[in-house]
Amino acid sequence: VNDALALDNVAFRDATPYLDLPSGVDLEIDITAASAPDNSNPVFSTTLNLQDGVDYIAVAAGDPAATSGPTAFGLVATNLGRRTAQNPASAEFLVFHGSPDAPTVDVVARGVGTLVNDISFPSFNSGYLAVPPASYTLDVTLQDGLTRVASFTADLSGAAGASFVVLASGF
């Protein structure tokens, strides 16, 4: 960030804690290969200007070998960052579609209904979803809401008051 190392050796699918960065100024963000001696030849570069008092979430997504097109590598940021749930009785989560070669999908909680409808790479859903703390089976379906492509168990039974970011990644 602005030529100073902010994160080092971040591996694929690693998550980091929130970083304290200055607001109201342009921040030059460079993403480099872990082996790069400096940031003179970044894989990706962008400029962000952050609002004061807002938590942001940024996700590096896409194919690092693709410099353009629909699967191109980039940084996707949202000002929807949240460190705790707004409702202390709920578990709340934001969803990011980070799989560049996957189609538009839905996320369905069995026995509950569709949680996320028509999310495409590379995007976040429109806001946090609040659910009662419990164990859920989540199905990722094609846009038709019926054709299941993956299923996951999310045990949120002890997660009252917590907020999460759920990410789909990889090819």
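The values are calculated or read from the model by the stated rules, or taken from the named source; none is laboratory data. Keep in mind that this is a model prediction, so the values were computed, not measured. Heads up, the Cβs are rebuilt from the backbone with ideal geometry, glycines too, and the neighbour counts pull from every protein chain shown. Just so you know, the surface numbers come from the protein's heavy atoms only, side chains and all, with ligands and any DNA or RNA stripped out. Shrake-Rupley method; radii C 1.70, N 1.55, O 1.52, S 1.80 Å.
Computed on the Cα atoms alone, the convex hull of the chain gives a volume of 122 cubic angstrom per residue.
Each of Thr32, Ser169, Val116 was placed along the dipole of the chain (beta-carbon charges, centred on the mean Cα), and the one lying farthest toward the positive end is Val116. Is the shape of the range 112-171 best called rounded, prolate or oblate, per the rule: a/c under 1.5 gives rounded, else a/b larger than b/c gives prolate, else oblate, with a ≥ b ≥ c the square roots of the Cα gyration tensor eigenvalues? Note, shape of the range 112-171 comes out prolate. Is the C-alpha gyration tensor of the range 28-82 telling us rounded, prolate or oblate? Criteria: a/c under 1.5 is rounded; beyond that, a/b larger than b/c is prolate, otherwise oblate. Cα axes put the range 28-82 in the oblate bin.
Rounded to the nearest 20, the size of the Cβ-charge dipole of the chain about its Cα centre is 600 debye, with Lys and Arg at +1 and Asp and Glu at -1.
Think of a 1.4 Å ball rolled over the protein heavy atoms: the chain then has 59 Å² of accessible area per residue. Computing FRET efficiency as 1/(1 + (r/R0)^6) for Asp55 and Asn9, where r is the C-beta to C-beta distance and R0 is 30 Å, gives about 0.80.
Which order do Arg110, Arg148 take when ranked by solvent-accessible area (1.4 Å probe, heavy atoms of all protein chains), largest first? Present the calculation step by step, with values, prior to reporting the outcome.
On the way: Arg110 115, Arg148 140 Å².
The residues order as Arg148, Arg110, largest area first.
FRET efficiency for the pair Ala72 and Ala160, taken as 1/(1 + (r/R0)^6) with r the Cβ-Cβ distance and R0 = 45 Å, rounds to 0.70.
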